[in-house]
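A quick write-up on the structure given underneath.
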Amino acid sequence: MASVYEPGRVGLLLVDLVNENFSKDGKGYPVYAPEYERLGTIDSLKKLIAGARQHEDVPVFYSTTAFTDEDYSTWRHVSGIHRQMFDKRMFQAETWNTEFHEELAPQPGEVVLAPHKGLDVLQHTDLEFQLRQRNVDYLAIAGVSGIMAVESTARTAMERGYHVTAFTDAIAAPGGLVTYQAMMRGLTMVSHNVTGVDDFLAALDELTA
């Protein structure tokens, strides 16, 4: 597996690791909690983040969703997923809900992207600019939701010529095993590598051995 990466060209994108999704008082937490427990998602994310931080040449990028009062009240065309979020006023900008979960939060020197409102982090933030500034061609993507923001971003990254890695464990989506299996099939189609955190970190270790 290590041979698929090049030294100094790998980056890690972490999608929506915020209180809304990862704290027990978050509005999104209940829909993910069964999968977090089944997959060990939170522990996998902690291991992934800690492992990536051991490699100074692997930049870490954090994205978050955020909506304003104006967004909730003025959007003309509201999709199904946005309707669900708007009805519950999820991801309200400048609130505890959109702050990063304390156990998964960025450290100084890591890149916090402009908040996104659409599902695709590449389309709706400064991510591509940040990737180009750091010479990243191999993008690993973890977080939630695996069938929404993660998959949308992976698809666009693939279409723009990046090598995409998705994860089997540092990820989650509502819906249990059936949804998980469908998510893995979808990510396999738009990614170049779908792997577990341990194997990904081992590949990074081999690059610097």
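The values are calculated or read from the model by the stated rules, or taken from the named source; none is laboratory data. Since the model is a prediction, treat every value here as computed from it, not as a measurement. Virtual Cβ from ideal backbone geometry, glycine too; neighbours counted across all protein chains shown.
A few points about this structure:
- Single residue of region 85-112 satisfying the filter (in a helix (DSSP H, G or I), at pLDDT below 95 and closer than 14 Å to ALA66 by Cα) that is farthest from the chain's Cα centre (by Cα): PHE86
- Identity of the residue in region 1-23, of a type in the set (S, T, N, Q) and at pLDDT 95 or above, that ends up nearest to VAL112 (Cα to Cα): ASN19
- Consider region 113-136 and keep the residues that are buried (at least 16 other Cβ atoms within 10 Å of the Cβ) and not in a loop (DSSP other than H, G, I, E, B). The one that is modelled with the lowest pLDDT is HIS116.
- The single condition from (1) under 30 Å from TYR5 (Cα atoms); (2) charged (D, E, K, R); (3) out of contact with any helix residue (DSSP H, G or I) (no Cβ under 9 Å at 6 or more places or on another chain) that ASP57 fails is (3).
- Filter pass, GLY186 being at pLDDT below 95 and over 13 Å from the mean Cα position of the chain (by Cα): no
- Candidates GLY26, GLY40 - the one that is surrounded by fewer than 23 Cβ atoms within 10 Å (Cβ to Cβ), at positive phi and touching a strand residue (DSSP E or B) at 6+ places or on another chain (Cβ under 8 Å): GLY40
- Residues (among the β-branched types (Val, Ile, Thr), outside any loop (DSSP other than H, G, I, E, B) and more than 18 Å from GLY146 (Cβ to Cβ)) located in region 72-84: THR74
- PHE67 satisfies every condition listed in (1) out of contact with any Leu (no Cβ under 6 Å at 6 or more places or on another chain); (2) surrounded by 18 or more Cβ atoms within 10 Å (Cβ to Cβ); (3) under 20 Å from VAL164 (Cβ atoms); (4) of a type in the set (Phe, Trp, Tyr) except (3).
- Residues that are touching a strand residue (DSSP E or B) at 6+ places or on another chain (Cβ under 6 Å) and under 19 Å from GLU99 (Cβ atoms), drawn from region 43-52: LEU45
- Residue in region 177-185 that is of a type in the set (D, E, K, R) and closer than 16 Å to LEU14 by Cβ present: no
- Against the list (1) surrounded by 18 or more Cβ atoms within 10 Å (Cβ to Cβ); (2) part of a helix (DSSP H, G or I), the condition LYS46 fails is (1).
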